[in-house]
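S.K.: So that we are looking at the same thing, I have put the structure below in structure tokens.
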Amino acid sequence: MPNKVYSLKAKLSSHLNVARQVYRDFRLYDLGSYALNRLTPKEGYNVEKHLAYGLKARQRFDLYRTAQPLTHRPLIVFVHGGAWMHGDKKDYQFIGEAFAREGYDVVIPNYHLAPEYIFPHYVDDLHLLLDYLQASSHRLQISVENIVLMGHSAGAFNVMSAVYYPKQHKSERLANIRAIIGLAGPYHFDYKDDPLCADAFDQSVPYQQVMPLYFVQPQPVKHYLFIAEKDTIVGHFNSHDLDRVLKQHGNHSHVISIPKLGHITIVGSLSSLFSRFFPTKSKVLWALEDAFK
């Protein structure tokens, strides 16, 4: 009997630990993305999941190949948000479908997360992915001549930092990037003791040595900075400040405000299930067309 009681207690303790882990990792938008993905159409594209772009477990990506590619074979690399501490590529099937059905191949990667990995690890992962795509395009049956970097929230920071980063680039890494589309991106903020993302940055390093706004250089890349009108998480000043500095350096930049939506719902509104009700996807498609003029 004592052994059975001990065994029962051990099992209960194990279940409680699992429950705590699930509760700690759960976010409200997990439920939303789960529902979106379950209802996302499966036609118009094929997908290869969990492809490796590096040796570590988080260095994996999903590839959505469109069934009807546009003539210039553009490739979207979409980077998810989550305050650099949360998120997974599997939650964004609805993004792959939304743009694959429009003729775009779409890559959705995972990357290393805080607090185990802090800046610049997650930007280094994106650099590694871009290098891998360049080297492996023939085998992957994709074109890398016309790349668009797209990210939401922390992912928007990552894609902007992939271009404007205080580190020497390989010239070929940036050569084929035609545009950056940032959705509700934090490009210019002080992360010191920030309640959401302090653990994603070295607190001893001033934000002026990290934020992409401070490393803008003249680039032929086109920039489309999307703002969610009802965003209460990322201030609109992030996009407005970056827009101003980009233009000061002679770079193309366009700020687009999406009415009625908040920080999370702006990315959910890209889903084919909801895009008819909100202008987000149509504005992104306009930006994609404008980028290749």
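S.K.: Identify all residues within region 82-106 that are closer than 18 Å to Tyr45 by Cβ and not in a helix (DSSP H, G or I); write none if there are none.
M.R.: Matches in region 82-106: Arg101, Glu102, Gly103, Tyr104, Asp105, Val106.
S.K.: Which residues, counting only those in region 70-90, are under 21 Å from Pro186 (Cα atoms) and out of contact with any strand residue (DSSP E or B) (no Cβ under 7 Å at 6 or more places or on another chain)?
M.R.: Passing the criteria: Gly82, Ala83, Trp84, Met85, His86, Gly87, Asp88.
S.K.: What is the number of the single condition among (1) modelled with pLDDT of 95 or more; (2) part of a loop (DSSP other than H, G, I, E, B) that Arg65 does not meet?
M.R.: Failing condition for Arg65: (2).
S.K.: Right, something else. Only residues in region 130-152 that are aromatic (Phe, Trp, Tyr) count as the first member; pair them with residues that are modelled with pLDDT of 95 or more, Cβ under 7 angstrom, at least 6 apart or cross-chain, and list the lot.
M.R.: Tyr132/Tyr53
S.K.: Restricting to region 225-245, name every residue that is in a helix (DSSP H, G or I) and open to solvent by 10 Å² or more (accessible area, probe 1.4 Å).
M.R.: Selection gives Phe237, His240, Asp241, Asp243, Arg244, Val245.
S.K.: Examine region 107-124 for a residue that is open to solvent by 10 Å² or more (accessible area, probe 1.4 Å), in a helix (DSSP H, G or I) and out of contact with any Cys (no Cβ under 9 Å at 6 or more places or on another chain), and state whether such a residue exists.
M.R.: Within region 107-124, one or more residues are open to solvent by 10 Å² or more (accessible area, probe 1.4 Å), in a helix (DSSP H, G or I) and out of contact with any Cys (no Cβ under 9 Å at 6 or more places or on another chain).
S.K.: Let me ask something additional. Hey, among Ser161, Ser143, which residue is open to solvent by less than 30 Å² (accessible area, probe 1.4 Å), of a type in the set (S, T, N, Q) and part of a loop (DSSP other than H, G, I, E, B)?
M.R.: Just a single option satisfies the conditions, and that option is Ser143.
S.K.: Output the number of the condition that Arg73 fails; it satisfies all remaining conditions of (1) touching a Phe, Trp or Tyr at 6+ places or on another chain (Cβ under 7 Å); (2) open to solvent by 10 Å² or more (accessible area, probe 1.4 Å); (3) of a type in the set (D, E, K, R).
M.R.: It is condition (1) that Arg73 fails.
S.K.: Taking the criterion of being closer than 25 Å to Tyr92 by Cβ, without any contact (Cβ under 8 Å) to a residue 60 or more places away in the chain and assigned to a strand (DSSP E or B), would at least one residue in region 257-276 satisfy it?
M.R.: yes
S.K.: Select from region 168-224 the residues that are without any contact (Cβ under 8 Å) to a residue 24 or more places away in the chain and either assigned to a strand (DSSP E or B) or open to solvent by less than 10 Å² (accessible area, probe 1.4 Å) (or both) and list them in ascending order.
M.R.: Tyr191, the sole residue that qualifies.
S.K.: Tell me yes or no: at least one residue of region 168-175 is under 25 Å from Gly103 (Cβ atoms) and touching a strand residue (DSSP E or B) at 6+ places or on another chain (Cβ under 9 Å).
M.R.: no
S.K.: Quick check on my filter: what residues within region 283-293 are modelled with pLDDT of 95 or more and open to solvent by 20 Å² or more (accessible area, probe 1.4 Å)?
M.R.: Lys283, Leu285, Trp286, Glu289, Asp290, Phe292
S.K.: Also, quick follow-up: State which residue is most open to solvent (accessible area, probe 1.4 Å) when the search covers only region 246-282 and only residues that are in contact with a strand residue (DSSP E or B) (Cβ under 9 Å, 6 or more places away or on another chain) and closer than 15 Å to Ile180 by Cβ.
M.R.: So, considering only residues that are in contact with a strand residue (DSSP E or B) (Cβ under 9 Å, 6 or more places away or on another chain) and closer than 15 Å to Ile180 by Cβ, the one most open to solvent (accessible area, probe 1.4 Å) is Lys247.
Residue-wise test of (1) in contact with a Pro (Cβ under 9 Å, 6 or more places away or on another chain); (2) of a type in the set (Lys, Arg).
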{"position": "Arg139", "(1), (2)": "no, yes"}
{"position": "His152", "(1), (2)": "no, no"}
{"position": "Lys167", "(1), (2)": "yes, yes"}
{"position": "Asp193", "(1), (2)": "no, no"}
{"position": "Ala200", "(1), (2)": "yes, no"}
{"position": "Pro220", "(1), (2)": "no, no"}
{"position": "Ile233", "(1), (2)": "yes, no"}
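The values are calculated or read from the model by the stated rules, or taken from the named source; none is laboratory data. None of these values were measured; they are calculated from a predicted model. Don't worry about glycine lacking a Cβ; one is built from the backbone with ideal geometry, like all the others, and counts go over all protein chains shown. These accessible areas exclude ligands, DNA and RNA; they are computed on the full protein's heavy atoms, side chains included. Shrake-Rupley method; radii C 1.70, N 1.55, O 1.52, S 1.80 Å.
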